[in-house]
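> Here you go, one structure.
The values are calculated or read from the model by the stated rules, or taken from the named source; none is laboratory data. Computed from a predicted model, the values in this text were never measured in an experiment. Cβ: placed from backbone, ideal geometry, glycine included. Neighbour counts: every protein chain shown. Heads up: the accessible areas ignore ligands, DNA and RNA and are worked out on the full protein's heavy atoms, side chains in. Shrake-Rupley method; radii C 1.70, N 1.55, O 1.52, S 1.80 Å.
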Protein chains: 2
Amino acid sequence: MSIQEAASIITAPTQFIEAGSERYAYRRFGSGSGLPLLCLQHFTGTLDNWDPAVTDPLAEGREVILFENAGVGRSSGATPETMAGMAAHALAFLDALGLKICDVLGFSLGGMVAQQMALERPSIFRRMILVGTAPRGGEDIMHLEKPSLAKHLGDPTLKGYQVLQKIFFAPTESSQAAGAAFIERLMLRANDREPISGPAVAQSQMAAFREWEQVSGERFSDLKKIRHPTLVVNGVYDEMVPVSNSYWLSAHLPNAVLLTYPDSGHGSLFQFHESFTRQAAAFLASKSEFAPY
Amino acid sequence: MSIQEAASIITAPTQFIEAGSERYAYRRFGSGSGLPLLCLQHFTGTLDNWDPAVTDPLAEGREVILFENAGVGRSSGATPETMAGMAAHALAFLDALGLKICDVLGFSLGGMVAQQMALERPSIFRRMILVGTAPRGGEDIMHLEKPSLAKHLGDPTLKGYQVLQKIFFAPTESSQAAGAAFIERLMLRANDREPISGPAVAQSQMAAFREWEQVSGERFSDLKKIRHPTLVVNGVYDEMVPVSNSYWLSAHLPNAVLLTYPDSGHGSLFQFHESFTRQAAAFLASKSEFAPY
């Protein structure tokens with residue numbers, strides 16, 4: 001296998017780095033002139049939940065760094081019950097790597113962690129991509145008990161990743177077919193896989209969502225402080241973090257472009273991976289201080 | 001002047017074509033492998049209200065056809081009081097040109113006319129770009145009497161196009177500066193300009209907006225019938241046709257991508273003309289049956 005072929009999530013080895021009392025798992029692959037792209041994962045997702053069709057094209061222009069937060073996969077420690085707790089781990093990880101500035105792709109939970117990191121240490125990010133996520137004080141964030149999600153999560157006939165196909169994709173033939181292809185891609189990595197998250201991870205991350213829905217003071221006021229050029233992305237049929245949250249993000253962040261996709265849900269970036277990676281690469285390639293690209 | 005330099009709204013001659021009992025004014029310039037792009041103009045706008053920074057880059061890949069509807073500028077006839085009336089004129093114009101299919105860029109009022117044309121004759125368009133516009137049954141469409149707009153429209157110190165700078169751009173230093181640059185570009189065409197629209201045009205077009213706000217039956221049900229790949233664009237601070245209308249368009253059209261711009265209003269395409277023309281050209285270059293590009 002050539003070095004070029006090795007720049008893939010399918011084959012990149014899982015690495016570990018110590019920071020404070022923790023040991024974080026991560027994967028780092030790709031090359032190019034761009035800043036490294038830190039990828040922050042969704043609810044209960046491990047390193048294995050990143051889609052090769054998203055990570056690998058982005059790794060053609062930069063290093064892609066997939067981070068596993070404390071308590072998830074083979075990272076040590078307890079899963080924090082706040083986004084601030086997860087942000088502290090992610091910042092400690094970047095410090096341990098010696099990275100002073102990078103770009104970030106935060107998906108769902110990971111997008112909330114990214115916002116918190118940008119608030120606490122603005123200099124850590126140059127450009128931000130926030131997909132299927134919500135601002136503090138957002139609406140209907142990951143309410144798995146609602147019927148549209150609970151019917152799939154409680155369906156005993158759905159095995160393994162099949163539930164992701166149902167809840168990350170829209171209930172149309174075309175979106176479900178894209179979901180099936182996504183799940184196949186998640187299985188391309190044959191070895192060195194992460195352990196699947198258990199109920200303790202889910203419970204702590206769910207507590208973090210509930211805390212993130214709380215507001216003290218003016219709603220969305222935090223967003224004014226995040227002046228990074230930002231690309232907000234969502235599918236219009238997202239049941240997990242509804243698109244209204246992306247409307248709020250892009251309307252209240254002072255420097256954000258919004259891109260929404262039709263016929264898709266939470267996993268719009270996986271469904272439209274060709275468009276998403278083209279748009280994300282163009283956004284990341286911009287040297288402008290303004291988001292439009 | 002070379003032929004290349006002549007492919008510009010600044011120098012393209014105004015042409016006329018007869019269709020039925022009308023004589024329509026238009027400009028046609030540019031070349032390339034793309035389908036011709038029909039451009040449908042905003043409230044009271046003439047051929048001279050198209051920004052060279054938007055039309056000319058798009059004319060590098062295709063013919064751009066700027067159409068002046070009945071009663072506007074040097075086009076004959078009475079300004080229709082419905083979008084359907086304006087759509088009938090635009091279709092008659094394309095028939096007179098012998099164009100069986102084209103792409104369309106509809107801005108504000110023009111985006112409503114484009115939707116009506118797509119409903120009446122789906123085969124006339126391949127891909128649609130709808131900027132700063134609203135679906136039938138949209139909200140707060142061109143209510144010039146509201147204080148945020150009336151204060152500028154009634155300001156006697158604003159001369160000529162200066163009012164456009166106020167109402168098309170956000171009330172920030174950066175957006176107003178972009179507005180000033182836009183107005184300068186509108187004056188680059190020195191000769192062969194159109195007469196400015198009078199109160200009769202405004203009154204009829206305003207009646208068409210009021211009719212467009214009306215719904216019979218299920219709200220937004222017309223949008224399901226428009227299956228063309230569509231790019232919806234708006235500035236998040238649009239006071240004339242608020243961005244909520246673009247959210248509805250992109251959420252209810254079955255095959256639409258939404259792009260919103262920060263720090264901008266109704267004239268987001270003029271403010272971010274480099275990004276807009278890059279995105280529009282990429283969207284128009286796609287041969288896919290799906291909107292994502």
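> Restrict the check to region B:132-155 and report whether at least one residue is in contact with a strand residue (DSSP E or B) (Cβ under 7 Å, 6 or more places away or on another chain), on the phi > 0 side of the Ramachandran plot and surrounded by 21 or more Cβ atoms within 10 Å (Cβ to Cβ).
Yes, that holds for at least one residue.
> Quick check on A:E184: is it part of a helix (DSSP H, G or I), without any contact (Cβ under 8 Å) to a residue 40 or more places away in the chain and out of contact with any Lys or Arg (no Cβ under 8 Å at 6 or more places or on another chain)?
When the stated conditions are applied, A:E184 passes them.
> I would also like to ask the following. Can you find a residue that is modelled with pLDDT of 95 or more, surrounded by 22 or more Cβ atoms within 10 Å (Cβ to Cβ) and within 10 Å of chain A (Cβ to nearest Cβ) anywhere in region B:207-216?
Looking for residues that are modelled with pLDDT of 95 or more, surrounded by 22 or more Cβ atoms within 10 Å (Cβ to Cβ) and within 10 Å of chain A (Cβ to nearest Cβ), one finds none in region B:207-216, hence no.
> Within region A:246-268, take every residue that is surrounded by fewer than 24 Cβ atoms within 10 Å (Cβ to Cβ) and touching a residue at least 24 places away in the same chain (Cβ under 8 Å) and give me the one that is farthest from the other protein chains (Cβ to nearest Cβ).
It comes out as A:W248.
> Only one of (1) within 12 Å of another protein chain (Cβ to nearest Cβ); (2) open to solvent by 20 Å² or more (accessible area, probe 1.4 Å); (3) part of a loop (DSSP other than H, G, I, E, B); (4) hydrophobic (A, V, I, L, M, F, W, C) fails for A:A282. Which number is that?
If we test A:A282 against (1) within 12 Å of another protein chain (Cβ to nearest Cβ); (2) open to solvent by 20 Å² or more (accessible area, probe 1.4 Å); (3) part of a loop (DSSP other than H, G, I, E, B); (4) hydrophobic (A, V, I, L, M, F, W, C), just (3) comes out false.
> While we're here: Give me a count of the residues in region A:49-76 that are within 19 Å of A:E120 (Cβ to Cβ) and in contact with an Asp or Glu (Cβ under 9 Å, 6 or more places away or on another chain).
So the answer is 1.
> Also, quick follow-up: Being farther than 14 Å from A:V232 by Cβ, modelled with pLDDT of 95 or more and assigned to a strand (DSSP E or B) is true for just one of A:R126, A:R136. Which residue is that?
Matching residue, one of A:R126, A:R136: A:R126.
> A follow-up question, please. Only residues that are farther than 12 Å from A:R27 by Cβ and without any contact (Cβ under 8 Å) to a residue 60 or more places away in the chain: list them for region A:61-74, please.
A:N69, A:A70, listed by residue number.
> I need every pair where a residue in region A:169-181 that is over 10 Å from A:S268 (Cα atoms) and among the polar types (S, T, N, Q) has its Cβ under 7 Å from the Cβ of a residue that is modelled with pLDDT of 95 or more and open to solvent by less than 50 Å² (accessible area, probe 1.4 Å), sequence separation at least 6 or different chains.
Matching pairs, first to second residue: A:T172/A:D263; A:S174/A:D263; A:Q176/A:Q165; A:Q176/A:F169.
> If you check B:E194 against the conditions, is it charged (D, E, K, R), within 28 Å of B:Q15 (Cβ to Cβ) and part of a loop (DSSP other than H, G, I, E, B)?
yes
> Could I ask something else about it? What number of residues within region B:231-245 are part of a helix (DSSP H, G or I) and more than 9 Å from chain A (Cβ to nearest Cβ)?
1
> Condition check: away from every other protein chain (no Cβ under 11 Å) and either farther than 25 Å from B:L253 by Cα or surrounded by 15 or more Cβ atoms within 10 Å (Cβ to Cβ) (or both). Does A:R227 satisfy that?
No: the conditions fail for A:R227.
> Looking only at strands (runs of 3 or more DSSP E) that lie completely in region B:1-116, which have at least 1 residues being open to solvent by 30 Å² or more (accessible area, probe 1.4 Å) and polar (S, T, N, Q)?
In region B:1-116, B:15-19 are the strands (runs of 3 or more DSSP E) which contain 1 or more residues that are open to solvent by 30 Å² or more (accessible area, probe 1.4 Å) and polar (S, T, N, Q).
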